[in-house]
Amino acid sequence: MIRSALRLTLALLALAPAVLAQTSFQTLLVGIDHRTVTNLDGDWHYLVDQSPAPALYTGNGQINDRGYAQNTHPNISNGPHNGEYDFSTAPTLHVPGDWNTQVPQLFNYEGVVWYQRDFDVQPIPKPGTRAFLHIGAANYRSHVWVNAKRVCDHEGGYTPFDCEVTSVLHPGSNFVVIAVDATRMIDGIPSVGIDWFNYGGLTRDVSLVTVPAAFIDDYDVHLAHGPAFQPGSTELTGYIHVLDAPAGTPVTIDIPEAGVHTTATTGADGRAPFDVKAASLTLWSPESPKLYKVTLTTGTADQRDSITDDIGFRDIRVDGTRILLNGKPIFLSGANMHAEAPIRGGRVDNDQDVATIFSYLKDLNANFVRLAHYPQDERMERAADRDGIMVWSEIPLWQHISFDKPEVYAKAVAMLNEMVRRDRNKASVILWSVSNETPNNPIRTQFLTNLANEARRLDPTRPITSALNTAHIEGSAGTLTDPFANALDVIGLNQYIGWYTGQPEDADTMQWTLPQKPVIASEFGAEAKAGNHGAVNDRWTEEQQNYVYQHQFVMLNKIPQLRGTTPWILMDFRSPTRNIPKLQDGYNRKGLISEDGKKKAAFFTLQQAYKDHTLGKPE
Ligand code: GCB
């Protein structure tokens, strides 16, 4: 019985790419931070709808379009009785921003919050133009109404989405209501068990975007990626997608600094593929993070749509056990980072948060960051592009996922699409990761293999990775035989010898047998409270954390195919499961830096190793 159920699930998952790859997703507009938009950030009124959210759900569990979404005002002096709520006099939350760190009573709140704000449409968009509400991210599910009409629903807390609002806008004052539900779901991605803080709300920028009837919603401009890197190649390729354009619509691509001016034409699917040789090209690298102004234009006269993005060109590929950037072997000297705002705490949502994180990475002598465990604010990739820091970007398939459910696979595909679509033009992003620490069993392996192949189909120019913790350790022998490794180009290895298992010194004698592919030590480390001192074997001290790092380095340097290190983690981060008073106080303390910016001893050890290149080799 159980075996036949397993067979059925596997059969469904084997079908999954064909059946589910078409799953619709709602990210439409790429490069939104490079368009002129009406910014809707600022103060939004809010109302709390405590679980089971009577204002959001009707008695039979449907989304309630007649309640708070209508934004009526109560008759408090005369007139018929109506809704018992009033956004106009309700308190406000700043957008972008999590609600947890803005309102003390909402610190641990993981339910539904309703947001509302008015906005002016002035002058009214010209006939034939269209308007979209762009939401950078809202954790975890969102339902959006404009002028009391539901315009979209979205699931997923870390990727952007757009709702078309053309037909519901009117000249003058309009209003938007968004119900954001941060409730964790067993069939969500991530699922219910997570080791980070489930910050809720409209956590990224919100804007209103006006475009012509046919407009550029998506594009991909990259260095041609043939079977081998061609030194000196200046061939650029990709596509511009013009939504709702008739076949034959011309698009121009201008990169003045590289001497590119060319035209492409859309096909029946709205895509205009192009291939052009630049007159000259400086490739993007950490040493020289060169970005070009790339202007894409379509349409004529008042139906013209144009966007100018900053794009770098480089080649990333795997060759045997090496990772090659522009044909040269590289070692990825990195660290993990959650989207936790330094010093002030909360979700990263502004330029200052990002600048502080990048100053830490630069100080560490890092050239790489693993953005764990979900796509982070687009400002992070923009800063990485500018500062020459390479990026591992991941979707939040973390530990406890319902791998047996086709609808969960559909959600994973949607999130993957949203991540790749937003960031495929960022030169800094060199790896797509489809998961972190998943159990080694046939259902999960089928699910993730399909997903890795889907990632490759979406973007054949970048290697695919995942962080695995399924190695078998016996005595001082560690072996990774996880079949999912076959579907990956680069292996991420998570292990915590000296913290969760064994003693720090055990690492010295460890011998690893790993696939003949590039390996990134994607997690290792130990907890220490900044300022807590003691002997090297006193747990929770800076000395012990540092000691764990020193022994890890001995072990990692014996892995011939080690091509990168991202210890866990750059900065302490909030996690409600970390509850040892005085040591953790609600924080995972594996940071090299405390949440208030104090560098621990291990930071300096890693900083020196990265400076002297004593950890790992490019080949
Ligand atoms: C892991 C997870 C990471 C945790 C970390 C820890 O293996 O990938 O999300 O936070 O360990 O500190 O336990």
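Projecting the Cα positions of A467, A452, Q516 onto the charge dipole of the chain (unit charges on Cβ atoms of Lys, Arg, Asp and Glu, taken about the Cα centre) puts Q516 furthest along the positive direction.
Under the simplified labelling scheme, the D538-S306 pair shows an inter-label distance of 6.6 nm, with each label point 7 Å from Cα along Cα→Cβ. Which is farthest toward the positive dipole end of the chain among M571, V168, H613, measuring Cα position about the Cα centre, with Cβ charges +1 (Lys, Arg) and -1 (Asp, Glu)? Looking along the dipole axis, the top candidate is H613. Cα-based values for the stretch 172-237, radius of gyration first and Dmax second, are 21.3, 56 Å. Rg and Dmax over the alpha-carbon atoms of the stretch 388-457 stand at 12.4, 40 Å. In the chain, helices alone account for a calculated mean residue ellipticity at 222 nm of -5500 deg cm²/dmol, with every DSSP H run of four or more residues adding -39,500 (n - 2.57). Translational diffusion of the stretch 328-402 was estimated from the Stokes-Einstein equation, with Rh taken as the Kirkwood radius over Cα pairs; at 10 °C and 1.306 mPa s the coefficient is 123 µm²/s.
Reducing the stretch 363-410 and the stretch 138-164 to their Cα centroids gives an inter-centroid distance of 22 Å. Residue by residue, the stretch 200-217 carries 3J(HN,Hα) couplings of x, x, 7, 8, 10, 4, 10, 8, 10, 10, 10, 9, x, 4, 10, 8, 7, 9 Hz when phi is fed to the Karplus relation 6.51 cos²θ - 1.76 cosθ + 1.60 (θ = phi - 60°); x denotes Gly or Pro. Cross-link partners for K149 among the lysines, with Cα-Cα distance under 24 Å and sequence neighbours closer than 8 places in the same chain left out: K126. Pair-distance distribution P(r) for the stretch 245-301, from all Cα-Cα distances in 5 Å bins starting at 0: 4, 18, 22, 20, 15, 11, 7, 3, 1 percent. Taken about its Cα centre, the stretch 38-102 carries a charge dipole of about 180 debye when Lys and Arg each add +1 at the Cβ and Asp and Glu each add -1 at the Cβ.
When Rg and the Kirkwood radius Rh are both evaluated on Cα atoms of the stretch 143-274, their ratio Rg/Rh stands at 1.09. Considering the dipole of the chain built from charges on the beta carbon (Lys and Arg +1, Asp and Glu -1) around the Cα centre, which of V177, S435, A245 is farthest to its positive end? Checked the options; the winner is S435. Ignoring ligands, DNA and RNA, what percent of the 1.4 Å accessible area of the chain is carbon and sulfur? C and S fraction of accessible area: 53 percent. Each Lys and Arg contributes +1 and each Asp and Glu -1, all at the Cβ; summed about the Cα centre of the stretch 542-619, the dipole is approximately 120 debye.
Rolled with a 1.4 Å probe across the full set of protein chains, the surface gives T449 an accessible area near 40 Å².
Here M185 sits with roughly 40 square angstrom of accessible surface, probe radius 1.4 Å. For the stretch 59-118 and the stretch 519-572, what is the centre-to-centre distance using only Cα atoms, to the nearest Å? Cα centroid of the stretch 59-118 versus Cα centroid of the stretch 519-572: 46 Å apart.
Dipole magnitude for the chain: about 880 debye, using +1 per Lys or Arg Cβ and -1 per Asp or Glu Cβ, origin at the Cα centre.
Over all projection directions, the Cα-based convex hull of the stretch 508-619 averages an area of 7.6 nm². Rounded to two decimals, the Cα-based Rg/Rh of the stretch 53-147, with Kirkwood Rh, is 0.99.
Our note on the geometry: Cα centres of the stretch 200-255 and the stretch 503-518, 43 Å apart.
With 28 Å as the limit, write out which pairs from K290/K590; K590/K617; K290/K617 have Cα-Cα distances beyond it, or answer none. K290/K590, as the Cα separations exceed 28 Å there. For the chain, the equivalent ellipsoid derived from the Cα gyration tensor has semi-axes of 39, 32, 23 Å, listed largest first.
The values are calculated or read from the model by the stated rules, or taken from the named source; none is laboratory data. Remember, predicted model here, so these are calculated numbers, not experimental data. Counting neighbours? That spans all protein chains shown, and the Cβs are built from the backbone with ideal geometry, glycine included. Quick note on the areas: whole protein, heavy atoms, side chains included, nothing else; ligands and nucleic acids left out. Shrake-Rupley method; radii C 1.70, N 1.55, O 1.52, S 1.80 Å.
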